[in-house]
Amino acid sequence: MPHHALTIRSITARAVVLKLKRPVVARIATLSEWPVILIDLHTEEGITGRGYLEPYIVKSMRYLVPALQDFGDMFKGRRLAPVELFDAARKSLHFVGYEGLSMIAASGLDMAAWDALAKAANQPLCVLLGGTVGPVKSYNSNGLWLKSPEAVAAEAIELRDEGGFAGLKLRLGRERISDDLATLDAVRKAVGDDIHLMVDFNQGLTLAEALERCHMIDDHGLAWIEEPIVYDNLDGYVRLAAELKTPLQIGENFYGPREMHKALQRGACDLVMPDFMRIGGVTGWMRAAAIAGSAGIPMSTHLYPEVAAQVMRVTETAHWLEWQDWVDPILQQPYAIKGGNLHIPDVPGVGIEWNEDVVAAHQI
């Protein structure tokens, strides 16, 4: 056997709850706590692959942690081959459906498996996948929630200056349309015309409201309008995409590459931004990237900036990386951000190591 063949020994999953520096205030939820599941895939050869999941809801960790531990039991003694493990993990949960928690658990396993494989090859993940280490164009998604226009405008300057960003995302969906419009104007005035502004409604509107509101902001020179309506209303998205001039962005709720394919076939969006815990980790992303590439659709990332940066270096239609620092406290060495780019460290794997002191203080 080649020297870098690895055998799985065990998988550990730990639940951590972090406090958000800038709480999430969206149309559909307010979150001040951020749940994270830390995954360590241990091999007989002494290499440990690491990944994490951000499942939004603290309670959901009660179901996801045992699922990941089940994978550890199931795959113990198996050769580490991420693509095969991903497909086997999904098939093992096929009877409860491919979407939802099944996919999230399989995605967590997948990210840790790819990290271990790249470490065994002694290469950064992006190099193992056929690319090079380098900068990745990013926008700051750390704030700009549903607050007053003045507060959002002041924060926009702050966020821009956190890393010399050329792109910022703000959230819309206030009770009154006029407050959304006032916020857009205030932010544009504060940061100037050269900054790319993305807006996200966080699925907060009915189709009727979306038709009204999206048309009202259609001439604001926005980079995109994201998820105005509930994610599975493809008929509604088809109609919005056909009517709007501003690019329509969806995809953080695609559970696997086939769901993305379905949306693109229907013409439900102009841009896609899969989330790593839903698209299927690195394996699911690479499959989805091929679909986006063949459709000529720009592809951005959602959360998981470290894994995101690695795969964006090998994504044909790579667009924007969503940068957030919400998990930084538990990482020993977060990726550096400068000049509006996230910089991949030249280290084997994805390059994440846990800050065990912080983990211990926040573990549940």
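Note: relative contact order over the range 107-241, using C-alpha pairs below 8 Å and six or more positions apart, is 18 percent. The residues of the chain expose on average 39 square angstrom of accessible surface per residue, using a 1.4 Å probe on protein heavy atoms. When the surface is traced with a 1.4 Å probe over the full set of protein chains, Asp70 keeps roughly 90 Å² accessible.
The peptide list 242-248, 92-98, put in order of mean Cβ contacts within 10 Å with the highest first, becomes 242-248, 92-98.
By accessible area, using a 1.4 Å probe on protein heavy atoms only, the chain has 53% of its surface on carbon and sulfur.
If we count every other residue with Cβ under 11 angstrom of Trp323's Cβ, Lys/Arg +1 and Asp/Glu -1, where does the sum land? Net of charged neighbours comes to -3.
Cross-linked pairs Lys19/Lys262; Lys19/Lys147; Lys147/Lys338; Lys59/Lys119: Cα-Cα separations exceed 25 Å for Lys19/Lys262; Lys147/Lys338; Lys59/Lys119.
Extension gain, Val83 to Asp232: 0.36 nm times the residue separation minus the Cα-Cα distance gives 50.9 nm. Comparing Leu222, Leu109, Leu117 in a Gaussian network model of the chain (Cα springs below 10 Å), the most mobile by mean-square fluctuation is Leu222. Multiplying the residue separation of Gln69 and Thr30 by 0.36 nm and subtracting their alpha-carbon distance yields 11.0 nm. Net length available on complete extension from Glu356 to Lys262 is 29.7 nm, with 0.36 nm assigned per residue and the Cα-Cα distance removed. Simple spin-label estimate for Glu175 and Glu150 gives 1.9 nm between the two label positions (7 Å along the Cα-to-Cβ direction from each Cα). On the principal axes of its alpha carbon atoms, the range 291-340 extends 38, 21, 15 Å, with the longest extent given first.
With an 8 Å cut-off on Cα pairs and a minimum separation of 6 or more residues, tell me the relative contact order of the chain in percent.
19 percent.
Between the range 46-79 and the range 194-239, the C-alpha centres lie 35 angstrom from each other. Note on exposure: Met74, Met103 ranked by accessible area (1.4 Å probe, complete protein assembly) read Met74, Met103, with the most exposed listed first. Taking Cα centre as origin and charging only the Cβ of basic (Lys, Arg, +1) and acidic (Asp, Glu, -1) residues, the dipole magnitude of the range 178-280 rounds to 360 debye. Qualifying GluC sites (Glu not before Pro) in the range 245-347, where qualification requires a DSSP coil assignment and no more than 14 other C-beta atoms within 10 Å, comprise Glu316. Given q = 0.16 Å⁻¹, what are the Debye log10 I(q)/I(0) values for the range 1-160, with equal point scatterers placed on the Cα positions and solvent ignored? The calculated log intensity ratios at q = 0.16 Å⁻¹ are -0.98.
The values are calculated or read from the model by the stated rules, or taken from the named source; none is laboratory data. Being a predicted model, the structure only gives us computed values, none of them experimental. Cβ coordinates were reconstructed from backbone atoms using ideal geometry, including for glycine residues, and neighbour counts include every protein chain displayed. Just so you know, the surface numbers come from the protein's heavy atoms only, side chains and all, with ligands and any DNA or RNA stripped out. Shrake-Rupley method; radii C 1.70, N 1.55, O 1.52, S 1.80 Å.
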